[in-house]
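Before any comments, here is the structure.
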Amino acid sequence: MKEKRFIVDTTLRDGEQSPGLAFSVEQKVRIAMMLEDLGVYQIEAGIPALGAAEKEAIIEIMHTKKHVTVSAWNRMSVSDINHSVECRPDIIHISMPVSYVQIYTKLRKNKKWLLKMAVECVALARERGCRVTAGFEDASRADIGFLLTLTEQLVRLGVEYVRYADTVGVLYPSRAQENVRTIISSTGMPVEFHAHNDLGMASANSIMALRGGAKYVDCTLLGIGERAGNCGLGRFLLAADGLYDMGVSKKKATVVEEQLRSLLTGSIS
């Protein structure tokens, strides 16, 4: 019997970062309903802090959906979390830059500051009664010891699982398996894996992350996303076939991806 694992679809958030791509509110709701019908476990519906239209889409998805879990993406920011709370998603996802290049060069902060802000933001979301997941941005270039320290803090705060993100697409399969396995074995925290396809390794890295014990895999329809894109749902399901039960039909995924292709070319109004 195949082991059960779960798809987190981020077409409406990370997929929309494809160059020149912007979904309307109506398109976002339509795609979300296609994904729910497809059987994905979770839809990452967008970033409420982007503004009124984004919040409108997430609220409408929440009103329309029947059973799928819906999450909203946030920076490690009190303001972002307040915007998300207004949308009432099932999960508030908080992204935390964890590599030294992100912390020291991009943010011009330090690890102590990051740990403090992580605790503050998670505590705020939890106080508002929200389920919380945490994203480790640029995890593939981060120090594994620091990731373990941060994860242990998040376990104590009641975070449900962490996302290990290969943000710049430089990870290779054996390393994906090793790092995911280390986080799970050291902290007991479930792991979600988020791959980018810069070196064409997104599906392979995602499969090996599952072998390392990851419970969730992030995908986008048609593999859309910034730069070379994300882990494509259809291709990933082919790679996972016979290994894991992802709860999603390969045949239906092909149909939905063709529907999205038609929508993107204007064939669906």
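Summary table
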{"quantity": "Residue list for region 204-238, filter: over 13 Å from the mean Cα position of the chain (by Cα), more than 21 Å from Gln17 (Cα to Cα) and among the charged types (D, E, K, R)", "calculated": "Arg211"}
{"quantity": "Some residue of region 92-105 being modelled with pLDDT of 95 or more and in contact with a Cys (Cβ under 7 Å, 6 or more places away or on another chain)", "calculated": "yes"}
{"quantity": "Number of positions in region 33-70 that are of a type in the set (A, V, I, L, M), free of Cβ contacts under 8 Å to residues at least 24 places away in the same chain and closer than 18 Å to Asp14 by Cβ", "calculated": "1"}
{"quantity": "Matching option when the condition is at pLDDT 95 or above, surrounded by 23 or more Cβ atoms within 10 Å (Cβ to Cβ) and over 26 Å from Tyr104 (Cα atoms), among Ser206, Ser185, Ser174", "calculated": "Ser206"}
{"quantity": "Residues (charged (D, E, K, R) and surrounded by 17 or more Cβ atoms within 10 Å (Cβ to Cβ)) located in region 31-63", "calculated": "Glu36, Glu44, Glu54, Lys55, Glu60"}
{"quantity": "Which listed residue, of Glu152, Glu160, is touching a Lys or Arg at 6+ places or on another chain (Cβ under 7 Å) and surrounded by fewer than 16 Cβ atoms within 10 Å (Cβ to Cβ)", "calculated": "Glu160"}
{"quantity": "Tabulated pairs, region 186-197, first within 16 Å of Leu157 (Cα to Cα) and free of Cβ contacts under 8 Å to residues at least 40 places away in the same chain, second of a type in the set (Asp, Glu) and outside any loop (DSSP other than H, G, I, E, B), C-beta under 9 angstrom, 6+ apart or interchain", "calculated": "Thr187/Glu152; Met189/Glu152"}
{"quantity": "Any chance Gly129 is surrounded by fewer than 15 Cβ atoms within 10 Å (Cβ to Cβ), farther than 25 Å from Leu35 by Cα and within 19 Å of the chain's Cα centre (by Cα)", "calculated": "no"}
{"quantity": "Among (1) outside any helix (DSSP H, G or I); (2) at positive phi - the single one Val217 does not satisfy", "calculated": "(2)"}
{"quantity": "Which listed residue is closer than 21 Å to His196 by Cα and either without any contact (Cβ under 8 Å) to a residue 24 or more places away in the chain or of a type outside the set (Val, Ile, Thr) (or both), from Gly266, Gly242, Gly212", "calculated": "Gly212"}
{"quantity": "Residue within region 241-252 that is assigned to a helix (DSSP H, G or I), out of contact with any Cys (no Cβ under 7 Å at 6 or more places or on another chain) and buried (at least 21 other Cβ atoms within 10 Å of the Cβ) present", "calculated": "no"}
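The values are calculated or read from the model by the stated rules, or taken from the named source; none is laboratory data. Note that the structure is a prediction, hence the values are computed from the model and not measured. Here Cβ is always computed from backbone atoms with ideal geometry, including for glycine, and neighbour counts include all displayed protein chains.
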